[in-house]
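First the structure, in the form of structure tokens, and then the observations on it.
The values are calculated or read from the model by the stated rules, or taken from the named source; none is laboratory data. All values derive from a computational prediction rather than experimental measurement. Note: ideal-geometry Cβ built from the backbone for every residue, glycine included; neighbour counts use all protein chains shown. Each accessible area value is taken on the protein alone, full model and side chains, heavy atoms only, with ligands, DNA and RNA left out. Shrake-Rupley method; radii C 1.70, N 1.55, O 1.52, S 1.80 Å.
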Amino acid sequence: MVCSGDHGHPDGRAPGPEHEGPLKSASYDPRRYFTVLGYDPGDQEYACTDLATLNVYCRGDREQLSALVGVTPFELTSDVFVLTVADFANCTMTQGRYFDGGAILPIAYGEHRGGTYFFEFEDEHWSTAAGRELWGYPKRYAKISLDKDDRGARGTIWHYDTPILDIALEFDDAVSGEGWADAVLSPTLQVRAVPELDGPSYSQFDISLRDTAANFVLTERRLGRASAQVGRIDIGSDILDGAALEILEVLGGEYVLGDFAATHAHGTPIVLDSLV
């Protein structure tokens, strides 16, 4: 009997030399395997008209933020970060609609400045896997909502009964956005790390840059006063070790509507550096 996880011979012997080398004909096209993974290749182009995004800008504890960023190859550039929830209702991907959200921290890698998704969540299994495996976004599966009316907008993220994020915006034309105008949060810089199959390190550890913001066409932007409640945002990693993500001040927020596009020129990531 062969149990799950037993990769040897049915009689328990280790694989012998006859198993070395290719076991499949060279005629097999590995790209066919994307149908098993459930998402499209990394050079895919897609779009989303009327992408709705709620952004709440916060001033955090610089020491805590520096400690978080310190586990990456990046450097923290500011103590202003953004909590965000977005609704890709009109996504042209084969799988269709999804929500995403999380926390974007302002960072730099060498001469490149931008933002990194340090905590991120998706509400579909395929979008969670695609973002992590294709481009290195630290996505976790969660349930997400984004609602808007004439008074404002609210976005929530939760995992079963565990609250992760609750951000809200009350529209107020007196809010100018100057409190976060200097924050540089795009383009997106991420680490794509592929662990070794049989070792303690990584077979691939790349720093990538992705700049979909260059394609974005803004149609509406409403500013206002905001609030933010952060729960177990480190669910799945415990990188905060039981502590809360500190918010010293909520600076305000924005509800943004516009046309998003990921193209080969601005959407397909480029590798800035490979550390392995």
### Query
Shape call for the stretch 32-76 from the C-alpha gyration tensor, a ≥ b ≥ c root eigenvalues: rounded (a/c under 1.5), prolate (a/b greater than b/c) or oblate?
oblate
### Task
With an 8 Å cut-off on Cα pairs and a minimum separation of 6 or more residues, tell me the relative contact order of the chain in percent.
22 percent
### Query
For G267, which sequence-distant residues (separation of 5 or more, or a different chain) have an amide H within less than 5 Å of its own amide H, given hydrogens modelled in the peptide plane?
D211
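Using a ≥ b ≥ c from the Cα gyration tensor of the stretch 147-242 (square roots of the eigenvalues), is it rounded, prolate or oblate, where a/c under 1.5 gives rounded and otherwise the larger of a/b and b/c decides, a/b for prolate? Intermediate results must be reported in sequence, preceding the final value.
Numbers: a/c = 2.77, a/b = 1.55, b/c = 1.79.
It comes out oblate by the Cα gyration axes.
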#### Entry: Rg and Dmax [Cα atoms of the stretch 101-186; Å; Rg one decimal, Dmax integer]
15.4, 43
### Query
With point charges of +1 on the Cβ of Lys and Arg and -1 on the Cβ of Asp and Glu, referenced to the Cα centre of the stretch 143-276, which listed residue (P163, I233, T263) lies farthest in the positive direction of the dipole?
T263
### Summary
Non-local residues with an amide H under 5 Å from the amide H of D273, with H modelled 1.01 Å from N and Pro and chain starts lacking one, are I207
## Note on the structure
For the pair A181 and R151, the simple spin-label estimate (label points 7 Å beyond Cα toward Cβ) gives in nm 3.0 nm
### Summary
In the chain the accessible area split gives carbon plus sulfur, as whole percent at 1.4 Å, a share of 50 percent
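Place the peptides 62-69, 203-210 in order of packing, highest mean first, counting for every residue the other Cβ atoms within 10 Å and averaging per peptide.
On the way: 62-69: 16.4, 203-210: 17.9.
Order by mean packing, descending: 203-210, 62-69.
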### Query
Starting at 0 and stepping by 5 Å, how many percent of the alpha carbon pairs of the stretch 192-276 end up in each bin?
3, 11, 10, 10, 13, 19, 19, 9, 4, 2, 0
### Mean-position separation - Cα centroids, the stretch 49-64 and the stretch 175-213, in angstrom
15 Å
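Averaged per residue, what accessible surface does the stretch 108-221 expose to a 1.4 Å probe, in Å²?
Working: 6090 Å² over 114 residues.
In whole numbers, the stretch 108-221 has 53 Å² accessible per residue.
Of all the C-alpha pairs in the chain, what % are more than 36 Å from each other?
Working: 7687 of 37950 pairs.
The answer is 20 percent, as a whole percent.
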### Query
Highest GNM mean-square fluctuation, the chain, Cα pairs closer than 10 Å: which of Y28, Y141, Y98?
Y28
#### Entry: Backbone N within the stretch 205-229 under 11 Å of label point (7 Å from S274 Cα along the Cβ vector)
205-207
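Give me the dipole magnitude in Debye, nearest 20, for the chain about the Cα centre, with unit charges on the beta carbon: positive for Lys and Arg, negative for Asp and Glu. Don't jump to the answer; show the numbers that get you there.
Working: 21 positive and 44 negative charges, 70 e Å.
Roughly 340 debye, rounded to the nearest 20.
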#### Entry: Calculated from backbone phi, Karplus (6.51, -1.76, 1.60) coupling profile of the stretch 75-91 in Hz, x at Gly/Pro
10, 5, 10, 7, 9, 9, 10, 10, 9, 9, 9, 10, 10, 8, 5, 10, 5
## Note on the structure
Among T94, N55, I247, the residue whose Cα sits farthest towards the positive end of the charge dipole of the chain, when +1 is placed on the Cβ of each Lys and Arg and -1 on the Cβ of each Asp and Glu, is T94
